[in-house]
Amino acid sequence: MTGRLRRPAGKSLASRDVALLWSATVFDSGATWVIRIVIFVRILEQYSTSTLAMVELAGILPSLLLMPLAGSLADRYNARTLSLLSMATQVTCLAALLLMFHHGPATVAALYALLTIGNALWQPARQVWLYRLVEPSQYTAVNATIGSVQGLMTVIGAATGGVLTAWNPDLTVLLALAAQTCAAIGTLIARYPTSTGTTPAEPGTAPAEPGARSLLRDAREGVTLVDRYPLARSIIWVGMAWGLISGGFNVLIAGLALNELHSGSGGLGLFYVVDGTAVVIGSWCAARLRRAGHLPGYALAYIAQGVFWALMFAAGNVVLGLVLFGVMRLASGVIIALDTTILLETVPESLRGRVTSLHMTTYNAVSQLSLALISGLLAAVDIQSVGIATGVLSTAVGALWWITTARRANLTYLSAAHDAPPRPVAAPPHAE
């Protein structure tokens, strides 16, 4: 029996398939944070902050090579199949980490790299999948919900990872494996709607054709065509600027909590509990902003994020540092909730996977460059100076984005929702 997957306005967020993707994101994000805390603590127990930075760099770099193609794959192929491939890769890597975690930082970095490669497929595929399941009027709510989910699992994953790692690291890796398996099950059960119509191609793009050469061309077209959408382009640029500043975010937080404030693994977990809680609250607030407040709110959040990040490194006290970090991540929650909405609002559906992937690729590529630079700086400069400098630069980025781009783009952004084309009714291949 075949049924039709309808998306009535105001009800789509509660649909079975959206809920399953939401739950898959919960478990995937939780597993990511649990294993990240294990890696941070275990590496810093035996090696320096610079070694941790090198493990992070080696672990993330290969996924950057895949990200441009991941967006093209999500635009052209079944997002459910790509998501399942991502989940299978991550489950396999976590199982391997459980068996080989004690083989040194090189082995950990290699398996971490495969894990992040799998996750690189998941993010653009999930975004395309979600946008097929909900009405355009609910894009902001969907993105805010995903931001809240990721913030919530930062709390749970980081707290659990911090406590369990201090007691039994192997059990902690096993927990991450169980969570990732649950994410894979949720993805497997969720249905992927197949459009009854066709999505019009963006003018200037060539017809789709099979093969790796076509995928590379699609990725190049995504880079070229984004120039036609100034607001989306500005979000990509501001993301690159923040990536240059915040590439060492996790290393700096771990170094501050463990080496400067001497708070132990439990203290590091507490920092991430504050992180996740604040992101959830910030995402909740952003979802309730009127559309006219999206661009000003995004700019103000960028400025606040930089100010309170710098103040946290100047505090020199665990309690005050946690409070300042909480305010900083509250602003980050607003950014996380609005970022994808603003990025994709003026972009046609046929380019969304590639634009999402381009945003992720450029941000992460610059982040890894920043991570390498910060690793070198930490060998010569104290961590407080690096943290304060990056905060000041972040504040400047937010202010410049508002002055140079956002004020002029506000009218285009406000009118984009009224210009959205009708969406075809979608039906899953098999309802039962």
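The values are calculated or read from the model by the stated rules, or taken from the named source; none is laboratory data. Everything quoted here is computed from the prediction, not taken from an experiment. In this analysis, Cβ positions are derived from the backbone assuming ideal geometry, glycine residues included, and neighbour counts consider all displayed protein chains. Quick note on the areas: whole protein, heavy atoms, side chains included, nothing else; ligands and nucleic acids left out. Shrake-Rupley method; radii C 1.70, N 1.55, O 1.52, S 1.80 Å.
Tabulated results
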item	result
Protein-only accessible surface order, largest first, of 163, 381 at 1.4 Å	163, 381
Measure of compaction for segment 78-117 (Cα Rg per 2.2 N^0.38 Å)	1.29
FRET efficiency estimate (nearest 0.05) - Cβ-Cβ, residue 288 to residue 51, R0 45 angstrom	0.55
Residue 411 versus residue 323: modelled label distance in nm, points set 7 Å from Cα along the beta carbon direction	4.5 nm
Ratio Rg/Rh, restricted to segment 290-384 and using Cα atoms, in which Rh is the Kirkwood radius	1.07
Solvent exposure ordering (accessible area, 1.4 Å, most first) of 17, 339	339, 17
Two-site label geometry, residue 262 and residue 107: point separation in nm, points 7 Å out along Cα→Cβ	3.3 nm
Cα→Cβ-extended label distance, 7 Å offset, between residue 404 and residue 382, nm	3.3 nm
Area of residue 135 that stays accessible when all protein chains are in place (1.4 Å probe, Å², to 10)	50 Å²
Prolate/oblate/rounded call for segment 38-103, Cα gyration tensor, a/c under 1.5 rounded	oblate
Shape category assigned to segment 30-147 from the gyration tensor of Cα positions, a/c cut at 1.5	prolate
Hypothetical label at residue 88: residues of segment 107-131 whose amide nitrogen lies under 14 Å (7 Å Cα-Cβ projection)	118
Extension gain, residue 76 back to residue 392 (0.36 nm per residue minus Cα-Cα distance, nm)	109.7 nm
Qualifying trypsin sites (Lys or Arg not before Pro) in segment 266-335, DSSP loop, other Cβ atoms within 10 Å at most 14	288, 290
